[in-house]
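This report concerns only the one structure given below.
Taken together, the values in this text are just the output of simple stated rules run on the coordinates, not laboratory data. Please read all numbers here as calculations on a predicted model, not as lab measurements. Because the Cβ atoms are built from the backbone with ideal geometry, glycine has one as well, and the counts that use them run over all protein chains shown.
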Amino acid sequence: MSFLKTLRCDLEKTTMNLGFFGAVILTCILCFTASAYTDTATDKTYSVLEAFFSIDKELLRTNYSFSNVTLFSKALSGYITMFLPIIAAFPFMVSFCAERNSGLMRFTITRAGKIKYCASKFAASFLSGGLATLLGVMLYGIIIWIVFPDFSGYNVPQEQLMWVLPHGTGMTVIRTMLAAFLYGAVTTIPAFFISSFCKNPYLITCIPFLFVYIWDTALSKIAAKGLENMDYGIYDKIGPFFPYGLADIVNWTEWDFRITATILFNCVYFLMGFVGFFIIMNHRTDKGV
């Protein structure tokens, strides 16, 4: 069986299950937790969902912070950053655990070969995670475009336009969608690796959540300590090593060492996930369990 045929079968398994559709819906819901507006008088921050129900309609029509494209660009800034390691793993976890528990894995490996099997599972895991996140963000965008005013309806001075939408409306949408796909793809790697030695779907989804949370918190504390010591370039130094650094490069306008470092780090990260999965799977006495 060719690699492309194996990959097509694995993608069908990971996208045609309740886990995939659940991931899309949950991603869409969590996008509404993004911060939309901060009231300077009360210092209260409103999420996108709160803004729709609580903010005065006149303010919605006059403040460009509530424009559909502005809110769409903030899709990945709410609680989604915390829970995405769980959500993005749903599609792969559901299909892979079902295949392993049914014993079908043994026959699939026999037909495809060990290397093709592991490579196909790896590609299917990050493609399905990225696609589920992308579709969830797109669904959020469709709702936002219907509910909130269009950016063209606001009277934004030309000198502010470069700060509000530096890439323009079309490129802002494309960059946000690309970031969403990369977000979802990167966050599947821990769950993919853990699935090589664990068959419990709850552990496969929850352990990556803890891992990414500790990883992100540790780097954030290092950054905060650096700022306390007046090291204002600390984010340039550690930025490439954040869990979602690969998704952030879509917002950079100039190629510099941060982009190179981010890409190299994530290549090593992806490679370690695949090699770890392959080694553990091939050290099993019975490859079908």
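Consider the candidate values (1) 1.11; (2) 1.06; (3) 1.24; state which one is Cα Rg over 2.2 N^0.38 Å computed from the structure displayed. Matching entry in (1) 1.11; (2) 1.06; (3) 1.24: (1). Simple point charges give the picture: +1 on the Cβ of Lys and Arg, -1 on the Cβ of Asp and Glu, and for the range 129-247 a dipole about the Cα centre of about 400 debye. Placing unit charges on each Cβ (+1 for Lys and Arg, -1 for Asp and Glu) gives the range 194-259 a dipole about its Cα centre, and among Pro243, Ser195, Ala223 the Cα reaching farthest toward its positive end belongs to Ser195. Placing +1 on the Cβ of every Lys and Arg and -1 on the Cβ of every Asp and Glu, with no other charges, gives the range 3-282 a dipole of roughly 1480 debye about its Cα centre. Close amide-amide hydrogen proximity is noted between Tyr46 and Ala36, Tyr37, Thr38, Asp39, each under 5 Å apart and 5 or more residues distant or on a separate chain (H modeled in the peptide plane; Pro and chain starts excluded). Karplus-based coupling profile of the range 4-12, in residue order and whole Hz: 5, 5, 5, 5, 4, 5, 5, 5, 5, with θ = phi - 60° in 6.51 cos²θ - 1.76 cosθ + 1.60 and x standing for Gly or Pro.
Among His283, His167, sorting on how many other beta-carbon atoms sit within 10 Å of each Cβ, with the fewest leading, yields His283, His167.
Candidates Ala119, Ile174, Leu131 compared by Cα position along the dipole of the chain: farthest toward the positive end lies Ala119, with charges placed on Cβ.
In the calculated pair-distance distribution of the range 159-289, the portion above 18 angstrom amounts to 66 percent of the Cα-Cα pairs.
Helix content alone sets the calculated 222 nm mean residue ellipticity of the chain: runs of n ≥ 4 DSSP H residues at -39500 (n - 2.57) each, divided across all residues, give -22500 deg cm²/dmol. What FRET efficiency comes out for Ser35 versus Ile222 if R0 is 22 angstrom and r is the Cβ-Cβ distance? Round to the nearest 0.05. According to the calculation, E is roughly 0.40. Let me check I've understood the local charge: for Phe3, count other residues with C-beta under 11 angstrom from its C-beta, Lys and Arg +1, Asp and Glu -1. What total comes out? Net local charge, Phe3 excluded: +2. For the range 3-282, the number of Lys pairs with C-alpha atoms closer than 29 Å, counting only pairs eight or more positions apart or on separate chains, is 22.
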